[in-house]
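Asker: After the structure tokens below, expect a handful of questions from me.
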Protein chains: 2
Amino acid sequence: MDDVTTAGPAPDQPLPTRDRLILAAASLFRNKGYSGTGLAELLAEAGAPKGSLYHHFPNGKSDLALAAANWASDQMLQLIDASFTPAPRFQEGAKTVCYKLAKLFDMQGKWSGCPVSATLFEGPENEAFHQHAALLFEGWISATVAHAQRLGLAETEAQAAAENFYILLQGGWQLARVRRDSDVIRALHLQICPPMQLQKND
Amino acid sequence: MDDVTTAGPAPDQPLPTRDRLILAAASLFRNKGYSGTGLAELLAEAGAPKGSLYHHFPNGKSDLALAAANWASDQMLQLIDASFTPAPRFQEGAKTVCYKLAKLFDMQGKWSGCPVSATLFEGPENEAFHQHAALLFEGWISATVAHAQRLGLAETEAQAAAENFYILLQGGWQLARVRRDSDVIRALHLQICPPMQLQKND
DNA sequence: GCATCACTGGACCAATCGGTCTATTGCTGT
DNA sequence: ACAGCAATAGACCGATTGGTCCAGTGATGC
């Protein structure tokens with residue numbers, strides 16, 4: 001989620017070229033989309049020549065996009081684990097995820113979109129991208145389901161709670177981006193609760 | 001939300017060129033994004049030459065994108081009114097919105113993204129697009145707030161319920177798109193309830 | 001010292017991008 | 001019949017796109 005290279009190409013480039021490419025791609029794609037980001041801009045941000053890109057990623061832009069999405073997804077998984085592991089209950093873990101994400105937005109000052117969806121939602125023709133995005137999203141959900149079960153929820157409850165959480169998170173992410181207000185995400189935790197209490201309302 | 005022209009350019013083109021351009025743009029932009037859609041493809045879908053585009057929309061692609069987003073937003077506003085007007089309570093209206101949207105997805109078979117966000121989320125440099133997207137989203141919310149108040153909710157409750165509804169809808173829209181399963185949106189109505197009942201959980 | 005090889009730097013390419021411009025078409029009012 | 005004008009049709013443009021290719025470059029093993 002943090003972007004080391006965004007501040008500009010470091011003079012002594014502490015990161016290997018491959019990593020700088022991935023970081024630049026992850027940052028640019030989720031701000032301007034996959035199609036909206038040109039290779040020239042991407043390479044300038046990473047401080048790497050075109051030859052390096054096609055050396056590390058033989059299939060070029062699309063390979064890099066997958067790698068960047070994987071990297072961003074791993075960052076999110078780490079945030080999930082860091083938030084839920086010390087939590088006494090599911091709700092507190094979910095709340096911490098919201099607050100950590102909101103703080104990240106405030107710190108970097110940029111209202112980037114969800115890195116996975118921004119990178120990989122590229123038309124119905126790009127089936128491989130869609131499948132990969134689905135894989136990463138379900139990875140977030142199943143990681144959360146595992147935490148939910150560990151914290152005492154039954155299997156079906158855990159599944160419902162995790163799905164509900166990411167629906168809220170994605171929707172809140174979007175509204176927060178529209179309003180440029182991280183409090184939208186922080187306020188989400190008010191609505192995170194086991195679904196059983198809600199079903200009586202239907 | 002329905003797309004008359006998507007089935008291919010009609011031989012006797014019953015719609016005026018300007019409308020065909022808007023419809024084609026709305027359909028393509030929300031499937032492939034603004035940057036991901038080329039003018040050539042767009043004009044082929046609309047069955048119009050390039051001269052017509054720049055006659056009806058002097059600023060070209062960006063003008064057309066704004067018009068297409070406006071059109072799509074109006075469609076959504078009509079769906080909101082059609083759903084909430086006959087509803088006895090807020091929850092039933094919200095449920096109807098979900099079901100109508102899910103049915104639209106099933107009918108057209110395409111898992112398009114939200115037309116406004118897909119069209120107008122184009123990097124932080126495109127401030128005009130961002131502002132316009134915010135305007136349209138807030139339009140949906142305020143229209144829903146009006147219905148909520150008409151259906152008996154107090155002002156703060158109505159605002160919270162409407163915002164919560166669109167957070168769920170956007171998030172559910174995205175998960176439904178990932179899974180290509182319209183039932184995700186249909187299941188959302190279980191979680192739509194006034195926020196007061198939830199605050200006790202915090 | 002030399003061969004090897006991962007890596008870099010960038011020239012170069014065809015294709016496509018969004019946009020401009022002009023000629024023409026066809027309806028309208030007079 | 002003719003003027004006027006909105007609309008259409010598409011040739012054409014420079015810029016930029018993603019991608020290819022090859023000549024270096026520098027560290028490493030021998």
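Asker: Return the residue satisfying two criteria in turn: it lies in the range A:157-173 and is in contact (Cβ under 8 Å) with a residue 60 or more places away in the chain and not aliphatic (A, V, I, L, M), and of such residues it is nearest to the other protein chains (Cβ to nearest Cβ).
Answerer: Filtering the range A:157-173 for residues that are in contact (Cβ under 8 Å) with a residue 60 or more places away in the chain and not aliphatic (A, V, I, L, M), the one nearest to the other protein chains (Cβ to nearest Cβ) comes out as A:GLY172.
Asker: Can you tell me which of A:ALA44, A:ALA65, A:ALA87, A:ALA40 is within 9 Å of DNA strand D (Cβ to nearest atom) and either crowded, with 16+ Cβ neighbours inside 10 Å or within 22 Å of A:THR119 (Cα to Cα) (or both)?
Answerer: A:ALA40
Asker: Still on this structure: Taking B:LYS32 as the residue in question, decide whether it is within 16 Å of DNA strand C (Cβ to nearest atom) and either within 27 Å of A:GLY36 (Cβ to Cβ) or charged (D, E, K, R) (or both).
Answerer: When the stated conditions are applied, B:LYS32 passes them.
Asker: Kindly evaluate A:ALA128 against the criterion of being farther than 14 Å from A:LEU188 by Cβ, facing chain B (nearest Cβ under 8 Å), part of a helix (DSSP H, G or I) and small (Gly, Ala, Ser).
Answerer: no
Asker: Tell me the residue from B:LEU53, B:LEU77 that is away from DNA strand C (no atom under 16 Å from the Cβ) and either hydrophobic (A, V, I, L, M, F, W, C) or at pLDDT 95 or above (or both), please.
Answerer: Going through B:LEU53, B:LEU77 in turn, the sole match is B:LEU77.
Asker: Those residues that are part of a helix (DSSP H, G or I) and either of a type in the set (A, V, I, L, M, F, W, C) or modelled with pLDDT of 95 or more (or both), I need them from the range A:180-202; list them, please.
Answerer: The answer is A:ASP183, A:VAL184, A:ILE185, A:ARG186, A:ALA187, A:LEU188, A:LEU190, A:MET196, A:LEU198.
Asker: I need every pair where a residue in the range A:97-109 that is of a type in the set (S, T, N, Q) has its Cβ under 9 Å from the Cβ of a residue that is open to solvent by 30 Å² or more (accessible area, probe 1.4 Å), sequence separation at least 6 or different chains.
Answerer: Correct list of pairs: A:GLN108/A:ASP2; A:GLN108/A:ASP3; A:GLN108/A:THR6.
Asker: Taking the criterion of being touching a residue at least 60 places away in the same chain (Cβ under 8 Å), over 28 Å from A:ALA162 (Cα atoms), open to solvent by 40 Å² or more (accessible area, probe 1.4 Å) and not in a helix (DSSP H, G or I), would at least one residue in the range B:110-121 satisfy it?
Answerer: No: the range B:110-121 contains no residue that is touching a residue at least 60 places away in the same chain (Cβ under 8 Å), over 28 Å from A:ALA162 (Cα atoms), open to solvent by 40 Å² or more (accessible area, probe 1.4 Å) and not in a helix (DSSP H, G or I).
Asker: When the residues of the range A:92-109 are filtered to those that are crowded, with 19+ Cβ neighbours inside 10 Å and out of contact with any Phe, Trp or Tyr (no Cβ under 8 Å at 6 or more places or on another chain), which remaining residue is nearest to the other protein chains (Cβ to nearest Cβ)?
Answerer: Among those that are crowded, with 19+ Cβ neighbours inside 10 Å and out of contact with any Phe, Trp or Tyr (no Cβ under 8 Å at 6 or more places or on another chain), it is A:LYS95.
Asker: Show the residue pairs that are 6+ apart or on different chains and have beta-carbon atoms under 9 Å apart, the first residue being within the range A:48-74 and outside any helix (DSSP H, G or I), the second being within 16 Å of DNA strand C (Cβ to nearest atom) and among the acidic types (Asp, Glu).
Answerer: Hits for this filter: A:PHE57/A:ASP63.
The values are calculated or read from the model by the stated rules, or taken from the named source; none is laboratory data. Because the structure is predicted, anything quoted here is derived from the model rather than measured. Cβ: placed from backbone, ideal geometry, glycine included. Neighbour counts: every protein chain shown. Quick note on the areas: whole protein, heavy atoms, side chains included, nothing else; ligands and nucleic acids left out. Shrake-Rupley method; radii C 1.70, N 1.55, O 1.52, S 1.80 Å.
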